[in-house]
Structure formats: structure tokens, C-alpha cells
1. Set the Förster radius R0 to 41 Å, insert the Cβ-Cβ distance between T46 and R75 as r into 1/(1 + (r/R0)^6), and round the FRET efficiency to 0.05.
2. Calculate the FRET efficiency for L33 and W64 from the Cβ-Cβ distance with a Förster distance of 25 Å, rounded to the nearest 0.05.
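Every read-out reported here was derived from the displayed coordinates using simple, explicitly stated rules and does not represent laboratory data. Treat the numbers as computed from the prediction; the structure is a model and nothing was measured. Here the Cβ is made from the backbone with ideal geometry for all residues, glycine too, and neighbour counts use every protein chain on show.
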Amino acid sequence: MATTMLPPQAPMPEPHALELLHPHTVMVRANLLPQDIIDKRRLRETKRVMAIGLAVLVVLLVAWYGFAMLQTRTRRSRTSRRRRKQRSPCSTSNSSSARSSLLKPNRRPSSPS
């Protein structure tokens, strides 16, 4: 248990009604709680803050993992799509016309005279 008295040079708190009636009263604060109760309250608050911090950390890690999985899935699907495009012809009309233009020599159309 601790009893403290405010020194005269310390800034005084806002005056209460009792202080206005009796201006010469001395402010005395007495902390009557045992130290072990104060320590238990501090420990409980510290545990609460640590649990909230740990929960936030876990949520951030799960979100990061999910984002990484999404990126990996997206990249894999893009890569597989590109590989499929490279293996198979693009489309039948474009590929056949491109192949036929490569096989045929360039001839100028004959103009009527």
C-alpha cells in the first residue's frame, strides 16, 4: 500500500467543488490495493494485448499464404494455357492460310489488257 502526496510545485488538477469550498485542503491519494492484485491486473492486460497481437499475426500470415496460393494458381494456369497454345495450332483458318501462303509462290494477278 502506498500513500502519495502531490508536491506543491506539481500542476494541480481541476478544482472540485470541495476544493472551492475549502481552498487549503491537501490532495492526498491513497492506493489501498495490494500489490499482487495490481500485478495480476497488469499481467491480465499484458496477456490480452499479446493474444490480440498473436491473432493479428496469424490472420496476416494466413492472408499472405492465401495470396501466394492465388498468385501461384494464376501463374500456373497462364503457363499451361501458353504451353497448350504452343503445342496446338492457333486456329484452323489462320493456320491453314498461313501454311498455304508459305507453300505457294507469290504470283501477281494478271491484269486484263
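1. Working: r = 43 Å, r/R0 = 1.05.
Once the sixth-power term is evaluated, E becomes 0.40.
2. That pair, L33 with W64, gives E of 0.05.
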